[in-house]
Each structure stands twice: as structure tokens, then as C-alpha cells.
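Below is one structure, written out as C-alpha cells; the observations come after it.
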Amino acid sequence: MNPILFAVIVLVVLGLVGGLILVLAAKFMAVYEDPRIAEVTECLAGANCGGCGYAGCSDYAKAIVEDGAPIYKCAPGGDKAADAIARIMGADSGDRPSLRATVLCAGGENCGRRFEYKGIQTCAAAAAVAGGPSACAYGCLGLGDCTRACKFDAIHVVNGVAVVDRSKCTGCTACTAVCPRQIIQMKPIAPQPAVKCSNKDKGALVNKICKVGCIACGLCVRNCPQQAIFLKDNVAVIDYTKCNGCGTCVTKCPKKAIQWVEGAPRPMDAPVPAPEVR
């Protein structure tokens, strides 16, 4: 037999055998993936921000389809994503909490300094050096770890303290995860005030180091018509299940430590707070 023809026949036979093996392997060793996973992934924002608690959008989609994870955890996708996923899963989208980041500090340039920090310009690094340069051991360090973590350009350092742009914030919680002081919290989008201070020291000490720190004087507690404020660890705390957003606490606070949440609508009849002391 012609050696060239023989070689061609051998190659053809080997190709057929190899192809048969691949077909059988694909049939008997295939890993089934629910097609809804890809459909749910398409509904998500695709930011892979991790705000849902999963490594990325595809992992979250898989958890929804296979483990029954809540469908409303994609903050960037919002209601649109949740409604689309609900249609795919044949479920009721239900009521979803709509939360936005709030920085519980208004210090920054209003707060004194213990020393001049010249090290690595990150909050995590600064906090590791003797607790940070700020005279307040609880306040914002102002070096922008949260700014760099935010993929939506929704948080910036202004006058030494992080400020959230709620029109851009999606509630992904990336900023809360990187804050070494843990002073960024998620709060509902509502006409509400917030205690912009996290200092747990005695009022006399807070008064010495910060112009806008809570001194636990109790004026907000005594004047709240809804009895929605109490003192805990020398800081005023608002019970939002009782707060109706009247704004009385904002006007009564002598240190302006209670302020309207950034970007939140205010009741028309609520007095506008006086400007902060700089």
C-alpha cells in the first residue's frame, strides 16, 4: 500500500476514535449548569463589587438559583435587577430595603491633630501608627480608603472627612468594608437626621478636641417629641423605628453633631440647620 495513503487512513481513524471519545466524555462526564444562572447574571449590574456578600456577580447568580439566596442584594442593580430576577425565578420580588452609606463623623478639619502624619497615605496605614494622627480615636482619618474602594464615584474626602454623594451611592457597602474605624453605616433613604459623631469619650474631652463632636449633653433626648433618641456610650443614638424626621434634634444640638443625612430629602416644615463651625 502506498505509504502516504496508509498515513492518511491512520490519521483519519485516529481522528474518528478521538472524536468518539470526546463525544462520549461530553455526554457522560458533563457538569450540568442551570441555564437560569446565566440569565440571572445578565440581570445583575456586572460591577463585581462584592456588596452582595459573594465574590462576584456570577457567584451571586449561582447562589440565587441553586441556594435560594435573596434576590434583592444587588445594590447597584436596584429594583430593576431584582424585578428581572424575580421573573426568571418565578418569585415575588417583595419589599427591598433601600440603603445608602452614611459617614458617622463630621470631624476632619473640625478636629484637632495629635501629630503630623507623613507615612503611607491610606487610612489603614495611618490607623496603625499610634492609632492615627487625629485627636479623635474614633473619627474619620480622611485619607480616602473608602473613596478608592467605591466603584461609583460616590464618596469623596471634603475638608478632611469622607462625604457620601447619595445620588451616586448604590448601597454596595464596599466603603463600609474598608473603613478601619467602622464609622460608615448603611441607612435607609428617608428624610432623617443622623448623629455624625462616633466618639465614646466623655463630653468634656470631646469638647476639647472637636468642634462638632457629640458631648452627650442630652438636649436631643429631652427635646425629641417622639422619644426616639437615647444616649449610649456617651453618644446620642437615634431609634429610626420611632423617628419621624421632624428635625428637632438637628436644631437643638449645640455642637451641630446631629445633621441631615447627605442627599436625604427634608420635611418641608423642618428648620434648616445652622452651618457647621469650621
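No lab work stands behind these numbers, since they all come straight from the coordinates. Here the structure is a predicted model, which means the values were calculated and not measured. Methodologically, a virtual Cβ is constructed for each residue, glycine included, from the backbone with ideal geometry; neighbour enumeration extends over all protein chains shown.
Report, in degrees rounded to the nearest 10, the 0 to 90 angle that the Cα long axis of helix 78-89 makes with the longest principal axis of the chain. So the helix axis and the longest Cα principal axis differ by about 40 degrees.
Net charge dipole, the chain: roughly 1400 debye, given to the nearest 20, about the Cα centre with Cβ charges of +1 for Lys and Arg and -1 for Asp and Glu. Given the options 112, 90, 53, state which has the largest fluctuation in a GNM of the chain using a 10 Å cut-off (strictly under) for Cα springs. Among 112, 90, 53, the largest mean-square fluctuation in the Gaussian network model of the chain belongs to 90. Could you tell me what % of all Cα pairs in the stretch 17-108 have separations over 19 Å? Looking at the stretch 17-108, the distances longer than 19 Å represent 50 percent of pairs. Rounded to the nearest 20, the size of the Cβ-charge dipole of the stretch 99-239 about its Cα centre is 100 debye, with Lys and Arg at +1 and Asp and Glu at -1. Close amide-amide hydrogen proximity is noted between residue 192 and 261, each under 5 Å apart and 5 or more residues distant or on a separate chain (H modeled in the peptide plane; Pro and chain starts excluded). Taken over the stretch 99-260, the ratio of Cα radius of gyration to 2.2 N^0.38 Å equals 1.02.
Under 18 Å from the Cα of residue 256, which aspartates and glutamates turn up, not counting those fewer than eight places away in the same chain? Within the straight-line limit of under 18 Å, residue 256 reaches these aspartates and glutamates: 109, 201, 276. Where only DSSP H runs of four or more residues are counted, the chain gives -9000 deg cm²/dmol as its mean residue ellipticity at 222 nm, each run worth -39500 (n - 2.57).
Cross-link reach is defined here as a Cα-Cα straight distance under 16 Å, omitting same-chain residues fewer than 8 places apart; for residue 200 the lysines meeting it are 208, 211, 232, 255.
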